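Taken together, the values in this text are just the output of simple stated rules run on the coordinates, not laboratory data. Every value quoted in this text rests on a predicted model; they were computed, and no experiment measured them. Cβ: placed from backbone, ideal geometry, glycine included. Neighbour counts: every protein chain shown.
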Amino acid sequence: NTLSFNATVLYPSANSFGVEIITSTPNVITRCIAWLSLSFPRVNQQKIVDTFWTFETDTAVKQPDVDTPIYVRDGQAEGRNPRRVVWFQDLQSSITPIWDVLCSATPLSLDE
């Protein structure tokens with residue numbers, strides 16, 4: 001059960017960026033997963049989609065035969081504000097990285 005939301009990339013740099021996510025209600029958890037766009041071999045995006053909510057947050061997941069890590073971050077709103085920022089920091093990257101990012105929002109906690 002996913003919700004609609006607006007997402008905007010904030011403060012991109014060589015090894016960090018944020019994703020601002022605004023939902024209609026603060027009672028949701030959001031998840032973003034990021035990886036280097038130009039990784040070789042390519043990250044299997046369908047596998048990420050299929051197992052999106054099964055990854056452990058704040059980890060770097062590896063897919064077999066893919067050199068780049070896949071970063072997983074969760075974000076929850078503070079108080080009644082439906083805005084949250086999911087931060088990706090201290091990332092392994094090249095001088096001019098291009099990141100692929102997938103985000104989702106759900107009204108359920110990951111513990112349920």
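Shape class of region 36-88 from the Cα gyration tensor (axes a ≥ b ≥ c, square roots of the eigenvalues): prolate, since a/c reaches 1.5 or more and a/b is larger than b/c. Residue 36 sits among other residues whose Cβ lies under 11 Å from its own Cβ, and their net charge, with Lys and Arg +1 and Asp and Glu -1, is -1. The 3J(HN,Hα) values that the Karplus relation (6.51, -1.76, 1.60; θ = phi - 60°) gives for region 64-71 are, in residue order, x, 6, 10, 6, 7, x, 10, 8 Hz. Gly and Pro appear as x.
Here the dipole of region 7-112 is about 260 debye; that uses its Cα centre as origin and unit charges on the Cβ of Lys and Arg (positive) and Asp and Glu (negative). How many nm separate the modelled label positions at residue 20 and residue 42, each set 7 Å beyond the Cα in the direction of the Cβ? A separation of 3.2 nm, rounded to one decimal place. With θ taken as phi - 60° and the Karplus curve 6.51 cos²θ - 1.76 cosθ + 1.60 applied, the whole-hertz 3J(HN,Hα) list for region 44-50 is 7, 5, 5, 5, 5, 4, 5 Hz, x standing for glycine and proline.
Give the calculated FRET efficiency between residue 83 and residue 57 to the nearest 0.05, with a Förster radius of 22 Å applied to their Cβ-Cβ distance. Efficiency, from the Cβ-Cβ distance: 0.70. Label reach from residue 65 (point 7 Å along Cα→C-beta): in region 20-50, amide nitrogens under 12 Å belong to 41-44. Across the chain, the volume of the C-alpha convex hull divided among the residues equals 101 Å³ per residue.
Does region 1-53 come out rounded, prolate or oblate, given a ≥ b ≥ c as the square roots of the eigenvalues of its C-alpha gyration tensor, rounded meaning a/c under 1.5 and, failing that, prolate meaning a/b above b/c? Oblate, since a/c reaches 1.5 and b/c is not below a/b.
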